Structure formats: C-alpha cells, structure tokens
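In what follows, a single structure is set out as structure tokens and then discussed.
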Amino acid sequence: MLNDLNREVTLGDMLDARENRVKMQREIIERYKGTLISFMLNIPGNLKIFPLCIKAHNEAVKLITNSLRRYGIPIIYQTENKVKTGYESFFVVKEQPIIIKRLMTDIENSCELGRIFDIDVLGDEGNKISRSDLNIAERSCLICNDIGHACSRSRKHPIEDLQKKAKEIMENYFFNQFADNCAACAGRALLYEVCITPKPGLVDRNNNGSHKDMDIYTFIDSTSELIPYFRDIVLSGIKFYSEKPKEVFERIRYLGMLAEDCMFAATNNINTHKGLIFSLGIICASSGYLYKNEEAVNTYNILKISREMTSGINDDFNGITEKSAKTFGEKLYAAYGIAGIRGEAASGFASVKNYGLPVLKILIKKGYSLNQAGALTLLNLIANVKDTNIIARSSIETLKEVQFQINNLINKKGIENISIAEIMDLDNQFIEKNLSPGGCADLLAVTLMLYFLEN
Ligand SMILES: [Zn+2]
C-alpha cells in the first residue's frame with residue numbers, strides 16, 4: 001500500500017498487528033490443514049515500509065519459495081498481507097513442521113540477508129516450532145555476539161544503531177548481488193569473445209590465429225583471475241557514488257593495475273586482456289555508480305558515465321608531433337589521429353554503439369546463435385574501426401586494404417549472408433599476413449558485455 005510508505009507506526013499499531021497476525025495464522029491453518037510458514041522482516045524502529053525493505057521482503061519470498069522447490073515441497077496456499085507494520089507472507093505446505101523449520105533456519109543462518117528474516121513455522125495444531133526443538137542455537141544479535149532476544153529485552157543497543165545495521169545488511173546484500181551479476185557478465189563476455197569461432201587472425205576454437213605465444217587456455221586462465229577484480233570495481237563505483245565520474249575513474253585505476261599484475265601472473269607475462277581490463281573496468285564502475293545513484297543501468301546511461309569518466313584522457317596526446325612521439329600510441333595519434341582504446345572510451349565507446357551492438361542485436365533477433373552473431377559483428381567492427389593492433393603488425397596501408405576487402409564483402413552479400421567458410425577464408429589470409437585485429441576483438445567483448453547487462 002503506497003500510503004504506508006515511509007510512515008511511522010506506534011507501539012499500539014504493532015500490538016494490533018501481532019494480534020491480527022495470530023488470528024490470520026489460526027484461520028489459515030484451520031482452512032488448509034498443513035504446516036504454516038509465517039514470514040516478516042525484522043526491521044528495528046518505527047519505520048517498517050520503505051523501498052529497500054520491500055525489495056528485501058520480495059527477495060525473502062523468493063528464497064523461501066526456492067528452498068521449498070529445491071526439496072520438492074509444493075506450496076498449497078500462499079498469501080501476502082501488506083500492512084503498515086511490515087509486510088507479512090504466509091505459505092502452507094504439506095510437510096512435517098520440523099523439516100520445514102530446519103529449511104527456514106538454514107535461510108536465516110546462511111544467507112547474509114537472512115539475519116533480518118523472521119520466519120515462524122507452525123504445525124497443523126497451531127504449535128510454533130522453536131530453534132531449541134531442533135537443537136539449533138538461538139539467533140545472535142545484529143550488532144554484538146550475544147543472544148538477540150537478550151539484547152532487545154535489555155535494550156542494550158540504541159534503536160538508531162539497530163536501524164543503521166539492518167539497512168546496511170539489506171544494502172550490502174543487494175550491492176554484492178549486483179556486483180556479482182556484473183562480474184559474471186564481464187567474465188562471460190571475455191569467454192564468449194575468445195570462444196566465438198571463426199575469427200580472422202585471432203585466437204579461437206579452431207586455431208591460435210596469428211599468435212604464437214597464446215591459445216584459448218591462456219584466455220581462460222586470465223579470465224578466471226579477472227572476475228573478482230571486476231566485482232571489486234563495480235563495488236568501487238557504488239562506494240564512490242557521490243563523487244564525479246572522473247574522480248571515480250581515478251579511484252579504480254589502482255584496482256586496474258592489480259588486475260593487470262594478476263593477468264600477467266596467470267599467463268606467464270602474456271598480454272591477453274590489458275585493453276579489456278580498462279574497458280570493462282570502466283563499464284563495471286559505471287554500472288555500480290548508476291545502480292547506487294538509482295539510475296537505470298542501461299547501455300545509454302553506462303556509455304554516458306563511461307564518457308564522463310574518461311573525458312580528457314587523451315589530453316596526454318596534446319601537442320605531440322610525429323617528431324616528438326615516442327610510444328606506438330603517440331605515433332599513431334600524431335600521424336593519423338588514431339587514439340586507440342582510450343579514444344574509444346572517451347567517445348563513450350562510439351564504435352560499439354555504432355558498429356557493434358546494433359549488428360549483434362539484429363542478428364540475434366533474426367535467430368542467429370551468439371557465436372554466429374558475434375563472428376559477424378566482429379567483421380563489421382574490423383570493416384569500420386581503425387584497429388591499432390593490425391597497424392602495429394603491418395601498416396596503415398595494409399589496414400586499409402583489409403578494410404576495403406571486408407567492406408566489399410559486406411556490401412556485396414549483406415552482413416547476415418556471409419558464411420562461416422568465408423570467415424575461415426579470411427582467417428587464413430590474416431594468419432598468412434600475420435595480422436590480428438585485437439582492438440576489434442576488445443570492442444566485440446565490450447559489445448557482448450553491454451548485451452549481457454541488458455539481458
Ligand atoms: Zn547485542
């Protein structure tokens with residue numbers, strides 16, 4: 001009930017609610033003659049209904065339902081009572097109450113959010129099963145290690161501390177859940193990128209492309225190590241939500257360097273994912289930042305924050321001439337205005353937005369597998385993006401030739417009609433010329449990451 005949102009309740013309200021609840025429990029048991037699970041959150045203080053706790057309540061209902069389903073216990077009746085003293089959920093099952101109580105204490109004890117769950121289990125006589133019936137320890141206090149009941153009876157902790165702790169438990173649970181999901185998307189994007197086959201000149205499931213020092217397992221080793229870092233970077237975006245995106249970028253730099261160390265250790269000093277630690281790191285931080293700021297975590301917003309985070313990142317290139325350029329990146333920028341992955345990030349991954357995502361989405365909608373759609377999306381990226389890795393292994397002229405050739409193929413046949421055999425043919429040509437479009441491979445992974453986050 002919207003009217004109950006953020007409204008304080010009195011002790012009288014609480015006593016009335018308890019009385020009503022007991023009555024309702026009795027009626028449900030009489031009617032459905034089974035074991036009753038009666039659930040509500042244990043939120044300290046006078047404020048019982050606010051968005052975060054509604055979310056936590058729904059999560060609890062999901063956890064209870066999943067637990068019953070896992071053990072093949074059907075729910076024969078389920079209802080919810082949305083009262084201002086805190087939402088209540090009831091489930092009736094045909095199973096011994098002692099077994100149900102054990103399942104429910106598992107949730108309360110093992111899930112971090114479960115610390116604020118209050119799950120009562122009543123037998124078909126209305127008898128409440130206690131933890132001591134199962135020889136399970138009493139619940140401990142949210143703040144100290146004493147028994148919870150004892151602390152609340154003696155009012156050991158100020159109510160504000162308890163409220164703060166309950167809020168923290170809920171927030172952290174959802175932050176961690178969000179960060180885990182994003183990190184899983186990042187890991188999945190990295191693995192899909194390397195597994196998509198065939199890919200011209202790149203490591204895939206058929207061959208190692210133009211590479212002599214790495215294979216598909218090098219990428220698997222590296223990816224496995226990087227997933228926890230992506231998670232930490234999402235959490236940094238959450239933690240520093242009140243700062244400007246550019247400041248958040250400075251915050252995640254160090255985590256990025258740690259991730260690089262870890263990658264090099266896992267791959268025997270082979271650079272598998274340096275560019276992607278940078279790109280996916282920015283996307284992870286942007287996602288966390290948006291989540292905590294309660295803005296939609298969609299591609300548009302992610303790319304907007306990514307752009308703000310990295311604005312000015314190309315300033316290092318300012319004033320560099322072909323004479324003064326030292327690094328390969330500086331030389332490329334001075335000669336052709338190509339800014340590589342940094343330029344991509346600063347543009348809000350314009351190539352992904354223009355040449356990656358639209359093609360991937362159309363092909364998937366047409367029923368192509370992720371492998372097929374990914375392989376063709378890569379071709380479209382190679383045709384349109386000045387890949388610095390190709391230039392590094394050859395010349396700008398060779399890049400132009402390759403792009404001309406692939407563009408011709410796309411224009412002649414239409415991207416969706418290019419066959420696997422034709423891509424394998426390109427693969428052979430790239431290997432022969434020792435070319436590897438590593439920059440576009442990175443953009444394919446960014447495309448996949450955004451696609452996974454959206455879905
Ligand atoms: Zn305590």
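Mind checking whether some residue in region 76-97 is of a type outside the set (Val, Ile, Thr) and under 20 Å from residue 173 (Cα atoms)? Scanning region 76-97 turns up at least one residue that is of a type outside the set (Val, Ile, Thr) and under 20 Å from residue 173 (Cα atoms). Only one entry of 331, 304, 292, 246 meets the criterion of being without any contact (Cβ under 8 Å) to a residue 24 or more places away in the chain and basic (Lys, Arg), and that entry is 331. Considering region 72-125, the qualifying strands (runs of 3 or more DSSP E), each wholly inside and each with 3 or more residues that are free of Cβ contacts under 8 Å to residues at least 24 places away in the same chain, run over 75-81. Of the listed requirements (1) open to solvent by 10 Å² or more (accessible area, probe 1.4 Å); (2) closer than 30 Å to residue 12 by Cβ; (3) not β-branched (Val, Ile, Thr), residue 69 misses just one: (2). Does residue 150 qualify as being more than 16 Å from the ligand (Cβ to nearest atom), open to solvent by less than 80 Å² (accessible area, probe 1.4 Å), part of a helix (DSSP H, G or I) and among the hydrophobic types (A, V, I, L, M, F, W, C)? Against the criterion (more than 16 Å from the ligand (Cβ to nearest atom), open to solvent by less than 80 Å² (accessible area, probe 1.4 Å), part of a helix (DSSP H, G or I) and among the hydrophobic types (A, V, I, L, M, F, W, C)), residue 150 does not qualify. The listed residues are 422, 416, 401, 397, and the only one of them that is part of a helix (DSSP H, G or I), acidic (Asp, Glu) and touching a Lys or Arg at 6+ places or on another chain (Cβ under 7 Å) turns out to be 416. Pairing residues of region 149-162 that are farther than 17 Å from residue 131 by Cβ with residues that are within 9 Å of the ligand (Cβ to nearest atom), at Cβ distances under 7 Å and at least 6 apart in sequence or on separate chains, gives 157/143; 157/151; 161/143; 162/142; 162/143.
Candidates are the residues of region 122-137 that are surrounded by 12 or more Cβ atoms within 10 Å (Cβ to Cβ) and out of contact with any Ser or Thr (no Cβ under 8 Å at 6 or more places or on another chain); the one that is farthest from residue 98 (Cα to Cα) is 126.
Counting only helices (runs of 4 or more DSSP H) that sit completely within region 309-365, those holding 2 or more residues that are in contact with an Asp or Glu (Cβ under 6 Å, 6 or more places away or on another chain) and more than 30 Å from residue 453 (Cβ to Cβ) correspond to 328-336. Scanning region 7-41 for residues that are assigned to a loop (DSSP other than H, G, I, E, B) and crowded, with 17+ Cβ neighbours inside 10 Å turns up 9, 34. Out of 354, 293, one residue alone is assigned by TED's automatic domain parsing to the domain that holds residue 397, surrounded by fewer than 17 Cβ atoms within 10 Å (Cβ to Cβ) and in contact with a Phe, Trp or Tyr (Cβ under 8 Å, 6 or more places away or on another chain). It is 293. Against the criterion of being within 19 Å of residue 348 (Cβ to Cβ) and charged (D, E, K, R), residue 308 qualifies.
Within region 161-175, the only residue that satisfies the criterion of being among the acidic types (Asp, Glu) and within 14 Å of the ligand (Cβ to nearest atom) is 161.
Restricted to region 303-344, and to residues there that are among the acidic types (Asp, Glu) and modelled with pLDDT under 85, the residue that is least open to solvent (accessible area, probe 1.4 Å) is 330. Could you tell me whether region 92-101 includes any residue that is out of contact with any Phe, Trp or Tyr (no Cβ under 8 Å at 6 or more places or on another chain), open to solvent by 70 Å² or more (accessible area, probe 1.4 Å), farther than 17 Å from residue 42 by Cα and among the basic types (Lys, Arg)? Yes, there is a match, as at least one residue in region 92-101 is out of contact with any Phe, Trp or Tyr (no Cβ under 8 Å at 6 or more places or on another chain), open to solvent by 70 Å² or more (accessible area, probe 1.4 Å), farther than 17 Å from residue 42 by Cα and among the basic types (Lys, Arg).
In region 177-220, the qualifying residues are those that are polar (S, T, N, Q) and in contact (Cβ under 8 Å) with a residue 60 or more places away in the chain, and the one that is surrounded by the fewest Cβ atoms within 10 Å (Cβ to Cβ) is 206. Is region 401-411 home to any residue that is surrounded by 22 or more Cβ atoms within 10 Å (Cβ to Cβ) and either under 33 Å from the mean Cα position of the chain (by Cα) or in contact (Cβ under 8 Å) with a residue 60 or more places away in the chain (or both)? There is no residue in region 401-411 that is surrounded by 22 or more Cβ atoms within 10 Å (Cβ to Cβ) and either under 33 Å from the mean Cα position of the chain (by Cα) or in contact (Cβ under 8 Å) with a residue 60 or more places away in the chain (or both). Taken over region 425-455, residues that are outside any helix (DSSP H, G or I) and open to solvent by less than 10 Å² (accessible area, probe 1.4 Å) amount to 3.
Being modelled with pLDDT under 95, more than 29 Å from the chain's Cα centre (by Cα) and not assigned by TED's automatic domain parsing to the domain that holds residue 294 is a description that does not apply to residue 35.
Of the residues making up region 245-280, those that are open to solvent by 60 Å² or more (accessible area, probe 1.4 Å) and part of a loop (DSSP other than H, G, I, E, B) are 268, 269, 271.
Restricting to region 126-147, give me the number of residues that are away from the ligand (no atom under 15 Å from the Cβ), among the hydrophobic types (A, V, I, L, M, F, W, C), over 19 Å from residue 89 (Cβ atoms) and assigned to a loop (DSSP other than H, G, I, E, B). Count: 1.
The values are calculated or read from the model by the stated rules, or taken from the named source; none is laboratory data. Here the structure is a predicted model, which means the values were calculated and not measured. With ideal geometry, Cβ positions are generated from the backbone for all residues, glycine too; neighbour counts draw on all protein chains shown. Surface areas here come from the heavy atoms of the whole protein model, side chains and all, with no ligands, DNA or RNA. Shrake-Rupley method; radii C 1.70, N 1.55, O 1.52, S 1.80 Å.
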